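The values are calculated or read from the model by the stated rules, or taken from the named source; none is laboratory data. Predicted model only: the values in this text are computed from it and were never measured. Glycine gets a Cβ as well: all are built from the backbone with ideal geometry, and neighbour counts include every protein chain shown.
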Amino acid sequence: MKKILWIAVVAFVLGFTQTSCNYNALVTSEEEVNAAWGQVENVYQRRADLIPQLVNTVKGAANFEKSTFEAVTQARAAAASVKIDPSNMSAEDLAKFQEAQDQVGSSLNRLLVTVENYPELKANQNFVELQAQLEGTENRIAVERKKYNEVAQKYNTDRRQFPRILFAKLYGFKERPYFEAAAGAEQAPTVEFDFN
């Protein structure tokens, strides 16, 4: 009888230890994903904070088309309205977020292309500094998106491995989506030179 009791106690302790280790590993991995997502949001917010300064500098130095400024401002506002709960993020949520951020990037690119027609603006120290900060921020965005994808992959792998998949289903640990390349990114742009 004592032997059966000891076996039951040992089995219970081992089962409890296994359960808590698997659950805690999933919690740790999920928190890494949440932290990486926070960094993604931080760098996108940094870009959003630079936009009004950039627009005001350009407005003050050049007679731009009103539509260029409006496009940048509207894209920034639209991107700011897309909020995601990282603990309950779906692939559709991330796609909406990415699409809104791509619109901001696209409108900024149009603004910067237009600046090429204004040599005095390209010589403006404020503009040069803001452009450098924006370029640095775009690099940070790429780095943080990559880090997010890496920790999301680790988390998704952890939650699918046996026996953790049992605990993931039991405790509601959901799969996390990945950032993907923008549509059309797989094709190189066509560059044509006119030598006439």
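Take Gln45 and tell me if it is more than 25 Å from Lys96 (Cβ to Cβ), modelled with pLDDT of 80 or more and part of a helix (DSSP H, G or I). No: the conditions fail for Gln45. The lone criterion from (1) in contact (Cβ under 8 Å) with a residue 12 or more places away in the chain; (2) out of contact with any Asp or Glu (no Cβ under 6 Å at 6 or more places or on another chain); (3) of a type in the set (S, T, N, Q) left unmet by Gln125 is number (1). Exactly one residue out of Gln131, Gln74, Gln153 is surrounded by 16 or more Cβ atoms within 10 Å (Cβ to Cβ) and assigned to a helix (DSSP H, G or I): that is Gln131. Considering segment 145-170, and only residues there that are in contact with a Lys or Arg (Cβ under 7 Å, 6 or more places away or on another chain) and of a type outside the set (S, T, N, Q), the residue that is farthest from Ala36 (Cα to Cα) turns out to be Ile165.
For segment 40-54, the candidate set comprises residues that are of a type outside the set (A, V, I, L, M) and buried (at least 18 other Cβ atoms within 10 Å of the Cβ); within that set, the residue that is nearest to Met89 (Cα to Cα) is Tyr44.
Checked across segment 89-96, the condition of being among the acidic types (Asp, Glu), at pLDDT 90 or above and under 16 Å from Val33 (Cβ atoms) holds for at least one residue.
Part of a helix (DSSP H, G or I) and in contact with a helix residue (DSSP H, G or I) (Cβ under 7 Å, 6 or more places away or on another chain): is that true of Ser87 in this structure? Taking the combined requirement at face value, the residue satisfies it.
Residue count for segment 163-182 satisfying the condition of being in a loop (DSSP other than H, G, I, E, B), in contact with a helix residue (DSSP H, G or I) (Cβ under 6 Å, 6 or more places away or on another chain) and of a type in the set (D, E, K, R): 2.
So, Lys96, is that one basic (Lys, Arg), closer than 27 Å to Ala152 by Cα and part of a loop (DSSP other than H, G, I, E, B) or not? Give the steps one after another, and end with the answer.
Working: basic (Lys, Arg): yes; closer than 27 Å to Ala152 by Cα: yes; part of a loop (DSSP other than H, G, I, E, B): no.
No, not satisfied.
Restricting Gln74, Gln101 to those that are without any contact (Cβ under 8 Å) to a residue 60 or more places away in the chain and in contact with a helix residue (DSSP H, G or I) (Cβ under 6 Å, 6 or more places away or on another chain) reduces the list to Gln101.
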